[in-house]
1. Count, please, the residues in region 7-38 that happen to be modelled with pLDDT under 90 and touching a helix residue (DSSP H, G or I) at 6+ places or on another chain (Cβ under 9 Å).
2. List pairs: first in region 1-19 and at positive phi and touching a residue at least 12 places away in the same chain (Cβ under 8 Å), second loosely packed, with under 10 Cβ neighbours inside 10 Å and in a helix (DSSP H, G or I), Cβ under 9 Å, 6+ apart or cross-chain?
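The values are calculated or read from the model by the stated rules, or taken from the named source; none is laboratory data. Here the structure is a predicted model, which means the values were calculated and not measured. Methodologically, a virtual Cβ is constructed for each residue, glycine included, from the backbone with ideal geometry; neighbour enumeration extends over all protein chains shown.
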């Protein structure tokens, strides 16, 4: 019997070391015919839902999605225009001071 595991990316090496396999199509770690499930219990939140039974994976979501008319529009993020600092033409990096910029600050 196949059981899918809910495994965070940071714990992938731990489940792999215990013998779990990666399903690239479903993008999930799983175990097959494991006699002892105790090492995997922290990655099996619901044993009945984790089992890969054909035709039984049609669970309805607990929260009904809102329609487009009831969703609130998010405001568009805007920023102020960038401040343009004229370059004097010296051969220095923009964040370094040159003889011309020192003359303006003095």
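1. Selection size over region 7-38: 2.
2. Within 9 Å, no pair qualifies.
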